[in-house]
1. Probe of 1.4 angstrom, ligands and nucleic acids ignored: what's the accessible area per residue over chain B, in square angstrom?
2. Quick check: from the Cα gyration tensor, does the stretch A:24-287 come out rounded (a/c under 1.5), prolate or oblate?
3. Going down the table (B:177/B:246; B:167/B:232; B:155/B:185; B:339/B:392; B:106/B:323), which pairs top 19 Å between alpha carbons?
4. What does the average come to when, for each residue of peptide A:259-267, you count the partner chain Cβ atoms lying within 10 Å of its Cβ?
5. Listed highest first by mean packing, meaning other Cβ atoms within 10 Å per residue, what order do B:62-70, A:165-173, B:426-434 come in?
6. Suppose only helical runs count, i.e. DSSP H with n ≥ 4. What mean residue ellipticity at 222 nm does that imply for chain A under -39500 (n - 2.57) per run, divided by all residues and rounded to the nearest 500 deg cm²/dmol?
7. So, for the stretch A:24-287, what is the accessible surface per residue at a probe of 1.4 Å, expressed in square angstrom?
8. I'd like the orientation of helix B:420-443 relative to chain B: the angle between its Cα long axis and the longest Cα principal axis, in ° from 0 to 90, rounded to 10.
Amino acid sequence: MERRTVFGGWLLPMLLVLPQLLLTGFFFYWPAGQAVWSSLTIQDAFGEGVVFVGLDNFTELLSDPLYRDSVVRTIVFCLTVSALAMGLALALAVFADKEIRGKGAYRTLLIWPYAIAPAMSAVLFLFILDPRVGLIGRRLNQFGIDWDYHLNGGQAMLMVVLASAWKQVSYNFIFFLAGLQSIPRAVTEAARMDGAKTWHRFRTITFPLLAPTTFFLLVVNVVYAAFDTFGTINALTHGGPGKDTETLVLKVFRDGVINQDIGSSSAQSVILMLGVIAITAVQFRFMGKKVTE
Amino acid sequence: MKRRALLAGYAALAAAPYAAARAAERTKIVWWHAMTAALAEQVNRLVDEFNKSQDAVEVQAIFKGGYADTMNAAIAASRAGQAPHLVQVFEVGTGTMINAPGKFVKQVWELSKETGIALDPKNYIGAVRGYYSLPDGRMASMPFNSSTSVMWYSKDAFKKAGLDPEKPPVTWADVVKAAQAIKAKDAAEIPCTSAWFSWIQVEQFSALHNLPFASKADGFEGLDAELQFNSKAHVKHLDRLLAMAKDGAFKYTGRDNTPSQLLVSGKVGIHFDSSGSRGDLVKSAKFEWGEALLPYDAEVIKSPLNSIIGGASLWTMTGPDRKPAEYKAVAQFLAFIGKPENDAYWHQHTGYVPVTLAGFELSKKQGFYTQNLGADLPAQQLTRGSVTPNSKGLRLGRLVEIRNIVYEEVEKAFQGGQTGKQALDNAVTRGDKVLRDFQKSIKA
């Protein structure tokens, strides 16, 4: 049964949604509008001489091979981080969902990394992986493996992927665990009675039933990898060596905050914003279907 | 993209002190700085001393985060008409600040003229003042905390390698030999490395050897300057380091100050870093270290010029309702900082070089250098010879980005992806584009 409250007139409903509208307007539409406007201009740091240049900033960006490299790098980075963070979290969640001793403590511990600030997690990884002072990094070099992420782009990428994925495992874990717990026992037990082995059960029952969770997490992880990894990457590698770990959001920061190149930086923000809008739209379509079905 | 939204916040923050200023009789001025830990204590001490020394002006020092944050906060506040009276800006931000529209910044010469308070450029060390002056010698900002770069070396490693620990290498040829000896005897984990690679191995190298880093007197004479650090001598220097890296005599260990931790831990034989590393070495190094002048290439120059500075200077900001009394207060405070006793105290307690000639002389007289052997070496290096257009400093917009580009290209070369010449050529091409963008934004 559906219950619906109908308001008469416009005034009351407008008043009720006004706080939300104000918040959204003030904290989202206004700055976003500013970004769009700035992306169409060239201006000095102090904002004195603002010249409208149309889409120049965009054409310049898109014709810059370094920027295109950065786009590809970001996509690869996002997908790798998401796959790694979700894969690990799913495995851990499947194990934590079993009846094991001390699972309360085990689950709690797994959630901890989420509370660590990105810069701190970067420092932790430095302690471990720095080629000269790190716990493992040093060993690697002592054993004759040439580990030096200051110079080796592949190793640097590996490190930022690990550090970024590690931080997101907890978050994914919580959702996967909740997802697993919401799968009716009766279904899996029926499969067990039919003689399905563990892996088979997981593949044909558990995983499909987790699909909504997985899809939601995929979106969240991609967005996380694209934006929230800034602190980690900036503290670990500053985007180097070369540009080997420079993702789009790092470039926005570098151009906007360090170089005061407001026009180009805003154009990059707008491109990122479009990316997020696209991802969110896809998510809403798919998730919307799931909900109505 | 959130710049404008942040303005409101900055405005509120900046407005608080002004409200208080109206209540008190003393003229209050606000100073935003970027000094942390022991350095912040020295800033506060300086401010306290000034506030105690007279009763017309009260300075309030506010920590605003790192250099880039502080500068951005000041720019954002300016845009909102709420700039602090004084702001500490790092040397690479000089290009942006000096090109700031006149209604946002009051340059030192202008301040001195308007308030009648003498702030004489002649009192300041040439290589320091030059960095912050207009081409005709008028000072734009007030020198404050300046450092330069020097060569640090481990006397332990030198002994182990059979080198004379009291005779540090003087030329680059000596450095190569010493590093190879250290490598051969395995006297240090890293025979030779450099912090601040762009600053020391490219910018300082240019100054020392009287080579232009950029045209138009390193940018002092026009926004249309073009980078020139891909000359034969520059390429030769990078090739030398690349060749050393191939033999394991040199190691590239990261950007900016990332390599500095290696110096303090005693893993490096010969290390290039800021003169400001002294404090950390005195406090934490468990090995015998030495300090030496930056080496030079004897085939390029017979006697090297002065090195250039790093660090920051103080800029006087303006605002819509700022009164003459406030500017006067700022000028008084700047004059106070430049007094020999204050400059000497600051120098001796922070590890920065003295910025005034009198402060340097006073430190000598006080016997600071006999108690701290070698502590006068950075100042010596800055004051030797006479400053040329190539050793005055750099006046380039977005210099931080140019440094980043140098890092990126040099890293590619150390990875073996390109030659030294390709690296510097690419860095120059990419850097020139950054300069042209900056030029466009200023003309806008």
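1. Numbers: 16800 Å² over 444 residues.
Value returned for chain B: 38 Å² of accessible area per residue.
2. Details: a/c = 2.55, a/b = 1.50, b/c = 1.71.
Judged from the Cα gyration tensor, the stretch A:24-287 comes out oblate (a/c at least 1.5, b/c at or above a/b).
3. Numbers: B:177/B:246 15 Å; B:167/B:232 29 Å; B:155/B:185 14 Å; B:339/B:392 23 Å; B:106/B:323 13 Å.
Going by Cα-Cα distance, B:167/B:232; B:339/B:392 fall outside the 19 Å limit.
4. Details: counts 13, 12, 8, 3, 4, 2, 2, 2, 0.
Neighbouring Cβ atoms belonging to other protein chains average 5 per residue here.
5. Details: B:62-70: 17.1, A:165-173: 23.1, B:426-434: 19.8.
Result, highest mean first: A:165-173, B:426-434, B:62-70.
6. Details: 14 runs with 191 residues, N = 293.
Computed mean residue ellipticity for chain A: -21000 deg cm²/dmol.
7. Values: 12760 Å² over 264 residues.
Heavy-atom SASA per residue in the stretch A:24-287 reads 48 Å².
8. Roughly 10 degrees, rounded to the nearest 10.
The values are calculated or read from the model by the stated rules, or taken from the named source; none is laboratory data. Here the structure is a predicted model, which means the values were calculated and not measured. Ideal geometry is used to build each Cβ from the backbone, glycine not excepted, and the neighbour counts take in all protein chains shown. Accessible surface areas use protein heavy atoms only, side chains included; no ligands, DNA or RNA. Shrake-Rupley method; radii C 1.70, N 1.55, O 1.52, S 1.80 Å.
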